[in-house]
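Remarks on the structure that follows.
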Amino acid sequence: QVQLVESGGGLVQAGGSLRLSCAASGSIVSIGAMAWYRQAPGKQRELVARIIRGGTTNYADSVKGRFTISNDNAKNTVYLQMNSLKSEETAVYYCWIAQMGYTYWGQGTQVTVSS
């Protein structure tokens, strides 16, 4: 089994920054991709950023230039640096990884951006 534990969420004012972390543990063999999704109340879960083994990154258009995804392979950890946060980005942020044809989700961490 694989466990994902997220941290770093919280309350921040609009324009502020937060850094999310997600540590994967358990049966980690070869992670192919790691990502962050978010789900705002009443909305569908959406991809925020993804990093693929080798370092290729993808971002939602709405966060390009403000968010940065990175990872530490030795620690099986993925990070999301979020700058210039907007109130509409209030959501639960979920960590996701893909390994050997399987995908895993974290429990989510709440990010609240006050206007």
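The values are calculated or read from the model by the stated rules, or taken from the named source; none is laboratory data. Fair warning: this is a prediction, and the values are worked out from it, not measured in the lab. For neighbour counting, all protein chains shown are included, and Cβ atoms are generated from backbone atoms with ideal geometry for every residue, glycine included. Calculation scope for accessible area: heavy atoms of the full protein, side chains included, ligands and nucleic acids excluded. Shrake-Rupley method; radii C 1.70, N 1.55, O 1.52, S 1.80 Å.
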So which pairs qualify, if the first residue must be in segment 70-83 and in contact (Cβ under 8 Å) with a residue 40 or more places away in the chain, the second must be assigned to a helix (DSSP H, G or I), the Cβ gap must be under 8 Å, and the two must be at least 6 apart or on different chains?
MET82/VAL63; MET82/GLU89
Only one of (1) small (Gly, Ala, Ser); (2) over 16 Å from THR112 (Cβ atoms); (3) loosely packed, with under 15 Cβ neighbours inside 10 Å; (4) in contact (Cβ under 8 Å) with a residue 12 or more places away in the chain is not met by ALA49, so which one is it?
(3)
Would you confirm, using the coordinates I've provided, whether GLY42 is more than 20 Å from VAL2 (Cα to Cα), more than 13 Å from the chain's Cα centre (by Cα), open to solvent by less than 50 Å² (accessible area, probe 1.4 Å) and not aliphatic (A, V, I, L, M)?
no
In segment 74-90, how many are within 12 Å of ALA23 (Cβ to Cβ) and open to solvent by 60 Å² or more (accessible area, probe 1.4 Å)?
2
